[in-house]
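Heads up: the structure comes next, in structure tokens.
The values are calculated or read from the model by the stated rules, or taken from the named source; none is laboratory data. Treat the numbers as computed from the prediction; the structure is a model and nothing was measured. Methodologically, a virtual Cβ is constructed for each residue, glycine included, from the backbone with ideal geometry; neighbour enumeration extends over all protein chains shown.
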């Protein structure tokens, strides 16, 4: 992690446990308690805003490394079971305060927009940073280059390096074929992984260390528009994780490496990982095979990027849920 997110991870886990306890594990009870229980309201409010900030932070990163496995499970449970109830019950308060003379049921604007659970020893919040994208970055760079080119000849001493910069821009965009509009579009669609901390080292003789780098390669290739390279990196990650993390016990000792199809079949038979069925690994493997064997001039088709995103989604799921030790 480039920044210390552990206080946030701990606070989020604490807040979720508080909601579960006060609601007796039933998200349907949250709306009533938000209206009548101050601590529940503050907790739901903190999670409402900090979830948004965390998702915003994720949108800035290609992935977040060094995440404790328990937080990945905690955040997944929140998104699956509690997020809708929190957004519905607390989101209503954030809107109503604007239509009811800056207060709702006696709660001020500050109380609603700055909720602080009393059981937090410190005020734990994620600060906001610049988020690139929103279809403006490429146009902004182009405007700067155009302005520099048009000003050539009018700024005296600086003309040479300004023109050199514009020509460099034309070179990277033309000859190197860096597509800033496409990069920005693909950046917005990129699935973000929370990479467990044990992916950075060898655990139980399983070489996880290379997975984060392969994930980075897959993301780099996808962002640059090198879709075939991204697919190959994704295929390698899937095969590596199935072989070393999910079904190593299925491989007979001393036998040659099984193919990806066999690994997928074994993984789909595993009772511990029923969610693997949702990843559609067989169609993704067939897609990767078509990419490898397609004619050199074959057209990818309009949905090529969407297919690669599905592959990246599957990789993210396998990374985030990879067991810490062999079953």
Residue under evaluation residue 292, criteria (1) in contact (Cβ under 8 Å) with a residue 60 or more places away in the chain; (2) under 25 Å from residue 59 (Cα atoms), criterion not met: (2)
Conditions (1) in a helix (DSSP H, G or I); (2) at pLDDT below 75; (3) over 30 Å from the mean Cα position of the chain (by Cα): number failed by residue 111: (2)
Residue identified as loosely packed, with under 14 Cβ neighbours inside 10 Å and at pLDDT 90 or above among 327, 252, 296, 271: 271
Residue in segment 30-40 that is modelled with pLDDT of 90 or more and not in a helix (DSSP H, G or I) present: yes
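Any residue that is under 30 Å from residue 185 (Cβ atoms), touching a helix residue (DSSP H, G or I) at 6+ places or on another chain (Cβ under 9 Å) and surrounded by 18 or more Cβ atoms within 10 Å (Cβ to Cβ) - is there at least one of those in segment 26-48?
Within segment 26-48 (the criterion being under 30 Å from residue 185 (Cβ atoms), touching a helix residue (DSSP H, G or I) at 6+ places or on another chain (Cβ under 9 Å) and surrounded by 18 or more Cβ atoms within 10 Å (Cβ to Cβ)), the answer is yes, since at least one residue qualifies.
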Some residue of segment 220-227 being under 20 Å from the mean Cα position of the chain (by Cα), at pLDDT below 80 and outside any helix (DSSP H, G or I): no
Long-range neighbours under 6 Å by Cβ, at least six apart or interchain, first residue at pLDDT 75 or above within segment 161-183, second assigned to a loop (DSSP other than H, G, I, E, B): 179/225; 182/225
Selected residue (criterion: modelled with the highest pLDDT) from residues of segment 114-128 that are surrounded by 12 or more Cβ atoms within 10 Å (Cβ to Cβ) and within 16 Å of residue 55 (Cβ to Cβ): 125
